[in-house]
Amino acid sequence: MKKKIIFVVSLLFGLMFINAGLNKFFNYMPIPDDLPENMVKLMNAFMEISWLMPLVGFAEILGGLLFVIPKTKALGAIVIFPVMIGILLTNIISAPSGLPIALTLFAINLWVIYENRDKYSVLIK
């Protein structure tokens, strides 16, 4: 039962990042009308750096795909971690209304990193 729950959580987590990454390339999700003004300024600034959003989108897609596959979940968690830090900081500073979701995703990512800590010991030695 535990493996099924872990798989479902990993699948949903990975699909959320794959979806967010694909949206960076195809812009199919509408921007909310009630977005705070400072968030709009932040997104416009990100768009000025032409290579930033495709890079983040690629990392989200790659990390999401790796996260869904059980053998590569540990690598996916590390790939997504810097993006997750950016999401968390953005929600803390600019859009606190999204903080519960960001904290939940961050907790899932940290949990997977913790569960796979033995796989990372090779990198630290």
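Out of all the residues in segment 3-14, is one or more assigned to a helix (DSSP H, G or I), touching a Leu at 6+ places or on another chain (Cβ under 6 Å) and free of Cβ contacts under 8 Å to residues at least 60 places away in the same chain?
no
Looking at 26, 7, 46, can you tell me which residue is over 22 Å from residue 123 (Cβ atoms), surrounded by fewer than 17 Cβ atoms within 10 Å (Cβ to Cβ), at pLDDT 95 or above and of a type outside the set (Asp, Glu)?
Result of the check over 26, 7, 46: 26.
Restrict the check to segment 45-60 and report whether at least one residue is within 21 Å of residue 119 (Cβ to Cβ) and in contact (Cβ under 8 Å) with a residue 24 or more places away in the chain.
Looking through segment 45-60, at least one residue is within 21 Å of residue 119 (Cβ to Cβ) and in contact (Cβ under 8 Å) with a residue 24 or more places away in the chain.
Kindly state which helices (runs of 4 or more DSSP H) lie completely within segment 43-125 and contain at least 2 residues that are within 15 Å of residue 9 (Cβ to Cβ).
Result: 52-68, 73-93, 99-115.
Being within 10 Å of the chain's Cα centre (by Cα), aliphatic (A, V, I, L, M), surrounded by 12 or more Cβ atoms within 10 Å (Cβ to Cβ) and modelled with pLDDT of 95 or more narrows it down to one of 79, 68, so name that one.
Answer to the check: 79.
For segment 82-111, give me each residue that is out of contact with any Phe, Trp or Tyr (no Cβ under 6 Å at 6 or more places or on another chain), β-branched (Val, Ile, Thr) and either surrounded by 14 or more Cβ atoms within 10 Å (Cβ to Cβ) or more than 22 Å from residue 44 (Cα to Cα) (or both).
Those that are out of contact with any Phe, Trp or Tyr (no Cβ under 6 Å at 6 or more places or on another chain), β-branched (Val, Ile, Thr) and either surrounded by 14 or more Cβ atoms within 10 Å (Cβ to Cβ) or more than 22 Å from residue 44 (Cα to Cα) (or both): 83, 87, 90, 101, 104.
Can you pull out the residues in segment 33-42 that are surrounded by 11 or more Cβ atoms within 10 Å (Cβ to Cβ) and either among the aromatic types (Phe, Trp, Tyr) or not in a helix (DSSP H, G or I) (or both)?
Within segment 33-42, 35, 36 meet the criteria.
Could you list, in sequence order, all residues of segment 75-92 that are touching a residue at least 40 places away in the same chain (Cβ under 8 Å) and of a type in the set (S, T, N, Q)?
Within segment 75-92, just 90 meets the criteria.
The values are calculated or read from the model by the stated rules, or taken from the named source; none is laboratory data. Predicted, not measured: the structure shown is a model, and the values here were computed from it. So basically every Cβ, Gly included, is an ideal-geometry build from the backbone, and we count neighbours across all protein chains shown.
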